[in-house]
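Taking it in order: structure first as structure tokens, then the write-up.
The values are calculated or read from the model by the stated rules, or taken from the named source; none is laboratory data. All figures in this text were calculated on a predicted structure; none of them were measured in a lab. We place every Cβ from the backbone using ideal geometry, glycine too, and count neighbours over all the protein chains shown. Heavy atoms of the whole protein, side chains included, go into the accessibility calculation; ligands, DNA and RNA do not. Shrake-Rupley method; radii C 1.70, N 1.55, O 1.52, S 1.80 Å.
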Amino acid sequence: MKKFFYTGFALAIIILSACTNKGETQQREIELTISAAASLNAALSEIKTNFEQENKHISLFYNIGGSGTLHQQILQGAPVDIFLSASNVQFKELTKKGFIDKHDQVDLLSNQLVLITNKDNPAVFKQFSDLQEGVIKKIAIGTPETVPAGMYAKQTLQNLGLWEILLPKIIQTKDVSQVLAYVETGNVEAGIVYMTDAKISDKVKVVSVAEQDAHDTIIYPAGIIKSSKNKEEAALFLSYLQSTSAKTIFEKYGFNVLD
């Protein structure tokens with residue numbers, strides 16, 4: 001997964017990326033660029049197939065990454081049609097700064113935060129407080145400043161009085177996919193990710209689920225970027241994300257769909 005650091009060169013990369021595969025999509029009139037949190041990748045891949053089958057004139061290009069990174073890209077002028085964030089923090093800032101209209105957004109999904117370990121070679125622990133034990137050498141979380149799952153992980157550990165104690169063990173990553181990879185490969189004994197991330201991997205197991213009141217409510221908002229040149233098609237896709245078909249897919253991957 002590429003992480004775009006928005007220099008002028010990197011801005012050119014995303015513009016060029018959004019224009020790739022034209023040979024495959026030349027029959028399609030519109031290409032929508034969707035910037036979406038990494039934890040949505042699996043579900044959105046399946047939704048893309050269904051949506052494009054039903055809407056032959058539209059193709060979807062996904063720019064997947066940490067919500068904080070995607071937020072910065074939009075602030076710096078990335079050509080994005082829809083933003084799907086794993087946190088209200090970055091999303092609300094974009095709304096406040098006029099990048100997303102209040103009438104073109106929706107609270108789409110919610111999720112749970114879980115503690116995981118390697119399935120085949122699990123570390124022996126049962127709950128968050130056990131992370132203090134000597135058997136746990138390294139703990140992977142997303143970087144709290146840019147990765148919502150990392151922010152929620154930090155909040156949880158702070159509320160349990162564990163953050164300062166565990167800080168020497170914590171490895172910060174660019175997104176939840178990297179946390180998952182570290183646990184899958186055994187590079188760390190434990191990781192904190194969303195329930196949906198744990199469900200898509202057969203190489204990790206859930207040890208414990210964080211209490212809901214230990215962190216801010218996990219909400220995935222979605223909205224149309226005001227500068228989009230494809231407002232009608234973007235609105236169509238945003239509506240599709242709330243359809244019964246999309247709801248079934250989101251629930252399959254462990255998301256709670258908000259009404």
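A few comments on the model shown:
- Hits in the range 82-98 (condition: open to solvent by 10 Å² or more (accessible area, probe 1.4 Å) and either among the acidic types (D, E) or not in a helix (DSSP H, G or I) (or both)): E93, K97, G98
- Residue match in the range 225-240 (condition: within 16 Å of the chain's Cα centre (by Cα) and under 29 Å from S201 (Cβ atoms)): no
- Test: residue in the range 80-101 that is under 26 Å from D202 (Cβ atoms), over 12 Å from the mean Cα position of the chain (by Cα) and at pLDDT 95 or above: no
- Cβ-Cβ under 6 Å pairs, at least 6 apart or on other chains, the range 233-259 side farther than 17 Å from N41 by Cα, far side among the β-branched types (V, I, T) and open to solvent by less than 40 Å² (accessible area, probe 1.4 Å): E233/I30; E233/I58; A234/I82; A234/I224
- Those residues of the range 99-124 which are open to solvent by less than 20 Å² (accessible area, probe 1.4 Å) and part of a loop (DSSP other than H, G, I, E, B), in sequence order: N111, A123
- Residue count for the range 53-81, restricted to those that are under 14 Å from I30 (Cβ atoms) and part of a strand (DSSP E or B): 4
- Candidates A210, A190, A214 - the one that is over 21 Å from G65 (Cβ atoms), in contact (Cβ under 8 Å) with a residue 12 or more places away in the chain, more than 13 Å from the chain's Cα centre (by Cα) and buried (at least 24 other Cβ atoms within 10 Å of the Cβ): A190
- Matching residues, the range 32-51, being of a type in the set (S, T, N, Q) and either over 20 Å from L180 (Cβ atoms) or not in a helix (DSSP H, G or I) (or both): T33, S35, T49, N50
Conditions (1) at pLDDT below 95; (2) in a strand (DSSP E or B); (3) open to solvent by less than 10 Å² (accessible area, probe 1.4 Å), marked per residue:
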residue	(1), (2), (3)
K205	no, yes, no
P221	no, yes, yes
E233	no, no, no
S239	no, no, no
K247	no, no, no
F250	no, no, yes
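- Residue list for the range 129-185, filter: open to solvent by less than 10 Å² (accessible area, probe 1.4 Å), in a helix (DSSP H, G or I) and more than 24 Å from P221 (Cβ to Cβ): L131, L157, L166, V183
- Each residue in the range 57-81 was checked for being open to solvent by 10 Å² or more (accessible area, probe 1.4 Å), out of contact with any Asp or Glu (no Cβ under 9 Å at 6 or more places or on another chain) and over 25 Å from V257 (Cβ atoms), and 4 pass.
- Flag if T173 is in contact with a Gly (Cβ under 6 Å, 6 or more places away or on another chain) and of a type in the set (S, T, Y): yes
- Sub-8 Å Cβ pairs linking a first residue in the range 52-66 that is without any contact (Cβ under 8 Å) to a residue 60 or more places away in the chain and more than 13 Å from F237 (Cα to Cα) to a second residue that is polar (S, T, N, Q) and crowded, with 17+ Cβ neighbours inside 10 Å, at least 6 apart or interchain, are N63/T33; N63/S35; N63/Q73, ordered by first then second residue.
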